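**Q** Take this structure, written in structure tokens, and hold onto it; I'll ask about it next.
Rule-based calculations on the coordinates, nothing more; no lab input. Note that this is a predicted model, so its numbers are computed, not measured. Using ideal geometry, Cβ is built from the backbone for each residue, glycine included, and neighbour counts are taken over all protein chains shown.
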Ligand SMILES: Cc1cc2nc3c(=O)[nH]c(=O)nc-3n(C[C@H](O)[C@H](O)[C@H](O)COP(=O)(O)O)c2cc1C
Ligand code: SF4
């Protein structure tokens, strides 16, 4: 095994948390929490990931409050699921005692089709805006948060982080990207506020930094906090790379343990973070709401711009961020070959997050450690990403087809 593969598959510390190797499962909301409850479906998916040698898995969409959910099947951190979360995390550790578990902390902000709102009458973001995702579900407009709403949101992150720590998570990943709540504040496209939470980047970062501070105060210094940030929104009036470098340095100075650099937004340009085949065809097929289906047919090809897939598509930009920060760096984006793992390690990144490669083969690590010519087989068709609302949630259809033939 080469020196860099050996580095990838050797123990390392994320902050103060020992990991048995440097491969982390990326957050991929799997649609496996029916009615918001983390049960056997979610457990079985992540059992395969940890059993396959991945050092730490990440549970996607640990939403900080009920109204932070994009749809009503997502879970949110509250007492009603304490028992199930403890069971899931205990079982994962019973399966592989040295496996670690992170939870991605999210809030949808203005991008929601959740009709089971509890506290609010409509989704709220930094500024008033048309809610494209919610319109077919009868939630066409999102409102602007007041400062009281912002204070409340910060508190929900604090309480959710504490709850996650109590229920057996080993780390928390704050989602600052992909067009969700906190990223809507960072982006000049969606944040048109004129108070201390809008305007300059310092103001647009005020809420994300308050959230980081609140999560840190909830979990203490030994509990790693990762941050997934955007390097660009991929739209003209959105976040651009020059400001993203400043975002990274602010999060670094704010005490983040590790940064994961992604890009794009689910609302305006998701293919920036996926690359490869566009999602419109699969989503049209899977969509049950006739209005959403029609909308996708009409504007899907504009929403899902085609970017050809290439391995390590974020590497060059992520290296520029790496050079500006002191925190640890987690590479994400198209690392699905062992050659790519070697290259990322050679570039000095501390960890690698993998999404689709581990959906294709949850035993990537064990297989690659045992066989230097291991091939993952993910073809970046993105069919899995169109299945988040399918019965049973996300899986790789190629695997199913291969088993059937
Ligand atoms: C099915 C699926 C669901 C995803 N859900 C999330 C999510 O909940 N949060 C997130 O930050 N990214 C999500 N992503 C994006 C991945 O975390 C990752 O950024 C992207 O897939 C690129 O990494 P990869 O090339 O290793 O797959 C999702 C991706 C897929 C395929
Ligand atoms: S469906 Fe399978 S092959 Fe296609 S992107 Fe997802 S994991 Fe990869």
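**Q** Which whole-number percent gives the relative contact order of the range 3-404, counting Cα pairs below 8 Å spaced six or more residues apart?
**A** Dividing the mean separation by the residue count of the range 3-404 yields 17 percent.
**Q** Provide 96, 202 in ascending order of the number of other Cβ atoms located within 10 Å of each residue's Cβ, fewest first.
**A** Final ranking by Cβ density, sparse to dense: 202, 96.
**Q** Provide the packing ranking of 230-238, 349-357, i.e. peptides ordered by the mean count of other C-beta atoms within 10 Å per residue, highest first.
**A** Those peptides, ordered most packed to least, come out 349-357, 230-238.
**Q** Shifting gears a bit: If packing is taken as the mean number of other Cβ atoms within 10 Å per residue, what is the order of 117-130, 25-38, 387-400, 55-68, highest first?
**A** Listed from highest to lowest mean packing, they are 55-68, 25-38, 117-130, 387-400.
**Q** Just order 307-319, 326-338 by mean Cβ neighbour count inside 10 Å, highest at the front, would you?
**A** 326-338, 307-319
**Q** Looking at the square roots a ≥ b ≥ c of the eigenvalues of the Cα gyration tensor of the range 348-405, which shape do they give, rounded for a/c under 1.5, prolate if a/b is larger than b/c, or oblate?
**A** Here the range 348-405 falls in the oblate category.
**Q** Using only the alpha carbons, work out the radius of gyration and Dmax of the chain in angstrom.
**A** For the chain, the Cα-based Rg and Dmax read 19.6, 60 Å.
**Q** Rounded, prolate or oblate: which fits the range 1-146, taking a ≥ b ≥ c as square roots of the Cα gyration tensor eigenvalues, rounded meaning a/c under 1.5, else prolate when a/b beats b/c?
**A** Cα axes put the range 1-146 in the prolate bin.
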